[in-house]
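Report on one structure; see the data block that follows.
The values are calculated or read from the model by the stated rules, or taken from the named source; none is laboratory data. Just so it is clear, the model here is predicted, and its values are computed rather than measured. Neighbour counts are summed over all protein chains in view; Cβ atoms, including those assigned to glycine, are modelled from backbone coordinates with ideal geometry. Accessible surface is based on the protein model in full, side chains and every heavy atom, while ligands, DNA and RNA are left aside. Shrake-Rupley method; radii C 1.70, N 1.55, O 1.52, S 1.80 Å.
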Amino acid sequence: MDNCIFCKIVNGEIPSKKVYEDDSVAAFYDIEPQAPVHVLIIPKAHFASTLDLGADTAQVVGNMVLAANKIAKELGVDESGFRLVMNMGRDAGQTVPHLHMHLMGGRSFSWPAG
Ligand code: AMP
Ligand code: ZN
């Protein structure tokens, strides 16, 4: 999609520090990390949020989770624990309207989320 930062990262127009890639998803380090490990996992196809997914496309979230598992192991937070977060819309504080999952680890997190 035109003018979407994460679509531009997928097609290489904007640089990123890639962590993982397969046919369906890409992952790269967050530019403003909020934890020692902070990676964003995105579908290569543009969806604004999970609200745009249907029965034919919902598998992309499963693919994101499988990528998160691999990355958590690769970056050594699988045993210590990690948080997966997807912000949807205004009240959740979503700032980039391309579906993404935050993988955060390397420190402990409070609950409930602020
Ligand atoms: P959210 O607030 O859930 O929409 O998260 C968007 C995230 O994207 C934030 O954590 C930003 O720091 C991150 N971000 C924005 N632009 C870039 C970029 N060019 N490369 C990497 N991360 C980015
Ligand atoms: Zn996009």
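Among 63-71, 85-93, 40-48, what's the highest-first ranking by average C-beta atoms within 10 angstrom per residue?
On the way: 63-71: 17.6, 85-93: 11.8, 40-48: 19.3.
Final packing ranking: 40-48, 63-71, 85-93.
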* Asked: Which percent of the accessible area of region 5-105 is formed by carbon and sulfur heavy atoms (probe 1.4 angstrom)?
  -> 53 percent
* Crossing angle, helix 59-74 versus the chain [Cα axis fit, 0-90 degrees, rounded to tens] -> 40 degrees
* Alpha-carbon centroids, region 1-64 and region 74-114: separation in whole Å -> 14 Å
* Structure fact -> With no solvent term and unit scatterers on the alpha-carbon positions of region 1-49, Debye gives log₁₀ I(q)/I(0) at q = 0.22, 0.23 Å⁻¹ of -0.79, -0.85
* Asked: In Å, what Rg and Dmax follow from the Cα atoms of the chain?
  -> 13.6, 39
* Estimated Rh, region 64-114: Kirkwood, alpha-carbon pairs, angstrom -> 12.1 Å
* Asked: Restricting to lysine pairs 8 or more places apart or on different chains, what number in region 5-105 have Cα atoms under 16 Å apart?
  -> 7
